[in-house]
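A short write-up of the structure that comes next.
The values are calculated or read from the model by the stated rules, or taken from the named source; none is laboratory data. Bear in mind that the values here come from a model prediction, so they are computed numbers and not experimental data. Every residue, glycine as well, gets a Cβ built from its backbone with ideal geometry; the counts of neighbours run over all protein chains shown. With ligands, DNA and RNA removed, areas are computed over all heavy atoms of the protein, side chains included. Shrake-Rupley method; radii C 1.70, N 1.55, O 1.52, S 1.80 Å.
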Amino acid sequence: MFSSSSTDPSKRGKPNFWQRLVEPVATITDAAERRQARLVSSILLTLGLAASTGPAPQMYVLHDPLTALILVGMTLGFGIGYLFSRTELYRLAVPLLVATLASWPAMNIALLKNYNPSGLLTTFIFDVLLIVLCSTLASFRTTIFLSATNFLVILLLPILIPAIQVRDIIVPLSFNGAMSALILVLTQHRNLMEKDRLLEVSQAKEQLQVELIERKRAEEQLVYTALHDPLTDLPNRLLFMDRLRHAMERAKRHKDHKYAVLFLDLDRFKVVNDSLGHNIGDQLLIESASRLMACLRTEDTVARLGAMSSSSCWKMFKTPQTPYALQSACKMIWPCRMIWKVIGLMCL
């Protein structure tokens with residue numbers, strides 16, 4: 001009754017009558033604040049309805065006008081607090097709720113003067129209810145302060161009111177002390193459980209973020225591997241054809257855009273593989289890729305289109321003017337004709 005499964009109206013069905021009575025104003029947008037305001041409204045409305053049923057029986061059945069008057073005052077206090085709880089000033093309803101509940105024992109002792117142990121016990125049951133509500137709505141320190149104050153007030157009653165004997169407060173004092181201690185223990189246990197739950201949620205969130213980062217990194221690595229040659233780390237045929245298609249489409253849209261495609265082959269590469277082994281051939285491919293990449297600009301692309309070692313076909317396309325492409329071809333051929341040193345072997 002005091003909570004709802006969702007704070008988003010779009011995710012709930014049509015609210016019932018009780019939910020409409022305790023629903024906070026729309027200007028309170030934070031989910032935690034709306035939940036707190038709803039709880040305060042529910043408590044005040046429940047206590048107000050309960051207190052409103054008391055004055056008539058007390059007046060006309062029990063013929064106790066003072067108790068009826070006290071209950072009328074408490075009903076008014078709960079009603080005013082309920083009105084505050086339905087506005088942005090819902091925080092003011094909490095101290096008004098505390099003051100209204102605390103007025104019952106004070107007025108009962110001051111006006112009704114029922115000083116026997118059973119009467120005092122009944123009176124101070126409201127203090128226990130007050131501590132319970134404080135443990136729900138206020139902080140743990142506030143609950144401790146209220147419990148200690150309540151215990152001290154009962155202890156000082158024989159001094160403040162001489163008509164109350166020490167033996168009259170033994171039962172109320174024992175009851176309130178035991179109930180206050182139990183409430184404090186349960187409140188502390190609830191707070192520790194809440195901290196543990198928040199810690200678990202935080203750890204799960206961090207673990208999820210780590211997993212998401214690792215998954216994203218793995219996906220990026222898979223995409224990179226799918227578009228690059230595993231031996232030379234050059235773009236493969238798929239990536240090369242995609243970039244070539246973009247260059248061709250751009251040339252269609254912009255007539256001044258020029259590009260060039262160059263085909264390179266390593267002569268007698270099969271002889272290297274057959275005579276020196278595939279490991280030396282792989283090193284030769286890696287060194288060739290490194291020398292070709294050193295001749296290019298960042299906007300140029302060199303790709304390996306052949307197999308890993310038995311076939312070494314290279315293509316390159318460029319986006320600048322054609323004369324620059326011819327100069328780049330000469331620049332790439334010259335390093336490839338130089339002497340190679342691969343794992344201590346000299347290759348021509």
Interchain or long-range residues, amide H under 5 Å from Ala303's placed H: Lys315
Probe 1.4 Å, accessible area per residue of segment 1-131, Å²: 54
Gap separating the Cα centres of segment 99-122 and segment 186-215, nearest whole Å: 45
Output for segment 98-198 (equivalent-ellipsoid semi-axes, sqrt of 5λ from the C-alpha gyration tensor, Å, descending) is 29, 13, 10
Show me the ranking of peptides 92-105, 20-33 by mean Cβ neighbours inside 10 Å, starting with the highest. 92-105, 20-33
Sort segment 189-294 into rounded, prolate or oblate with this rule: let a ≥ b ≥ c be the square roots of the eigenvalues of the Cα gyration tensor; rounded if a/c is under 1.5, and if a/c is not under 1.5, prolate when a/b is larger than b/c, oblate otherwise. oblate
Fraction in percent of alpha-carbon pairs per bin - 5 Å, segment 1-152: 1, 9, 16, 19, 17, 14, 10, 7, 4, 2, 0, 0
What are the trypsin sites (Lys or Arg not before Pro) within segment 35-141 that DSSP puts in a loop, where the Cβ has at most 16 other Cβ atoms within 10 Å? Lys113
